[in-house]
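In what follows, a structure is listed as structure tokens, so that the remarks can point back to it.
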Amino acid sequence: MKIWTSEHTFNHPWEAIAQATWKKYPNPMNAAILGTDVLERRVVDGILHTHRLVSSIWGLPRWLQNVIGPANTFYASEHSTVNPETKNMTLKTRNVTFRKYISVDEFVCYEPHPESYDKTVMRQEAVISVEGVPFSDYVEDLICDTIMVNANKGRQAIEWVIGNIKSEIREFKELPQNKSEEL
């Protein structure tokens, strides 16, 4: 079993990061994520609960696919909560495909920076376990390295989304206020 952790500070307020997280996929930084589908969404006591199915391409080595089976698309189940009152957003993701052999459980938490309201702290952890296949330590290391690379792409994607939102706001502000201004 391997445990990977990371912490990152965004120079954006929590509200912006929470909104950008929903719009993160698809993005040009990580083409491996094919899409996300909302399976369930509800609000309980002011907290938004969402269950999504994430579709992706893992790019497993051919020899590993020969052992555990081929797959073009991999699926993961993501459960998230957003509490606007406490400004806390958590995402818990678990792979569904090949769960018998490969277990990847990821936890991500977004909270306001304790010293600066204009910043957001993201804490991320992944627990990787591979069983029943040859070279399981090697495969765990391979998956851990991939998670590290993809985590960086995910942070870039959030910045990309925020940049797009800011651009849309600027464009909206530049629109004529009424028809007479267009003439």
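Assorted remarks:
- Members of Lys24/Lys166; Lys23/Lys87; Lys23/Lys153; Lys2/Lys153; Lys2/Lys100; Lys2/Lys87 lying beyond 25 Å, as alpha-carbon distances in this model show: Lys2/Lys87
- The listed residues Arg155, Arg62, Arg123 rank as Arg62, Arg123, Arg155 when sorted by accessible area, largest first, using a 1.4 Å probe.
- Listed residues Arg170, Arg94, Arg52, most fluctuating in the chain (Gaussian network, C-alpha, under 10 Å): Arg170
- Note on Arg123 and Asn88: the model spin-label points, each 7 Å out from Cα along the C-beta direction, lie 1.0 nm apart.
- Each Cα pair under 8 Å and six or more residues apart adds its sequence gap; the mean of these over the residue count of segment 101-177 is a relative contact order of 22 percent.
- Relative contact order of segment 32-183, pairs being alpha-carbon contacts under 8 Å that are 6 or more residues apart, as %: 12 percent
- Along the chain, longest interval not containing exposed GluC sites (Glu not before Pro), exposed being DSSP loop plus at most 16 other Cβ atoms within 10 Å: 1-84
- Volume per residue of the C-alpha convex hull in the chain, rounded to whole Å³: 152 Å³
- For the chain, the longest principal axis of the C-alpha atoms and the axis of helix 136-174 are separated by about 10°.
- Estimated inter-spin distance, Val149 and Asp45, nm [label 7 Å along Cα→Cβ]: 4.2 nm
The values are calculated or read from the model by the stated rules, or taken from the named source; none is laboratory data. This one's a predicted model, so the numbers in the text were calculated from it and none came from an experiment. Positions of Cβ are backbone-derived with ideal geometry, glycine not excepted, and every protein chain shown enters the neighbour counts. The area values use the complete protein model at the heavy-atom level, side chains included, leaving out ligands, DNA and RNA. Shrake-Rupley method; radii C 1.70, N 1.55, O 1.52, S 1.80 Å.
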